[in-house]
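Okay, so here's the structure we're looking at.
The values are calculated or read from the model by the stated rules, or taken from the named source; none is laboratory data. What you are looking at is a predicted structure, and each value in this text was computed from that prediction instead of being measured. Please note: Cβ atoms are built from the backbone with ideal geometry, for glycine as well, and neighbour counts cover all protein chains shown.
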Ligand SMILES: [Zn+2]
């Protein structure tokens, strides 16, 4: 059977860059060839079912592509998200000017972060099985109620172009998960120039489980849910070691 678009279910898939080309032009020159990394951690309330599967991706984040979306989604609503978000993202990536971000801007950036996280996780060999999140995102064009998004300012070469996915299988009750079961929740940290976007997609335990704002106080600004106006950049720059801590935030709490 032909594969179907992860968003609308139509046939006729096209190959798409996870990071659009316009964005590469915004990045500082030396940041354009950085890597990406995916780690799968299988978890159970009582014990870790399996050790983490670490997978370093051979291609750089801005060259990675996926063939999971149809032409009308790609050229339609996904492209609309790029167009709306581009001016805000460009300024945040360059990270110099202080600027107010309206609710509209915050919503646009959060929506972009979720769209890009949903694409980034599909570059891995075993993506999370979260069909409903894709369908709801397509229906509303907004982060779904399984999604949480934060932003931080960062100044570190390692993070100037980077995607770190942590995919987890969490079983609430019943028999321990089989190692072959696909992950069911994930986090994606995306570094772009002076900006770090952190997205949690959790249709299992629910967003109220997570509060990294408290852990990385002053540096991690909540964007979604409940978007509010913010002044960019935030009062404190996220340290590089903290950025790695953000990646491990959910696996650590679950493990
Ligand atoms: Zn589609």
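Side notes on the structure shown:
- Filter result for the condition that a residue is at pLDDT below 95 and at positive phi, over 218, 194, 179: 218
- Meets criteria (at pLDDT below 95, over 17 Å from residue 165 (Cα atoms) and in contact with a strand residue (DSSP E or B) (Cβ under 6 Å, 6 or more places away or on another chain)) for residue 39: no
- Residues of the range 113-145 that are in contact (Cβ under 8 Å) with a residue 40 or more places away in the chain and under 12 Å from the mean Cα position of the chain (by Cα): 113, 114, 116, 117, 118, 119, 120, 121, 122, 143.
- Condition check for residue 238: farther than 22 Å from residue 128 by Cβ, in contact with a strand residue (DSSP E or B) (Cβ under 9 Å, 6 or more places away or on another chain) and surrounded by 22 or more Cβ atoms within 10 Å (Cβ to Cβ): yes
- You will find that of 120, 146, 113, 153, the residue that is surrounded by fewer than 24 Cβ atoms within 10 Å (Cβ to Cβ) and under 26 Å from residue 4 (Cα atoms) is 146 and no other.
- Flag if residue 72 is within 16 Å of the ligand (Cβ to nearest atom) and at pLDDT 70 or above: yes
- Hits in the range 226-235 (condition: under 28 Å from residue 133 (Cβ atoms) and surrounded by 15 or more Cβ atoms within 10 Å (Cβ to Cβ)): 227, 230, 232, 234
- Any hit, the range 147-162, residues being within 16 Å of the ligand (Cβ to nearest atom), outside any loop (DSSP other than H, G, I, E, B) and at pLDDT 95 or above: no
- All conditions in (1) modelled with pLDDT of 90 or more; (2) in a strand (DSSP E or B); (3) touching a helix residue (DSSP H, G or I) at 6+ places or on another chain (Cβ under 6 Å) hold for residue 243, with the sole exception of (2).
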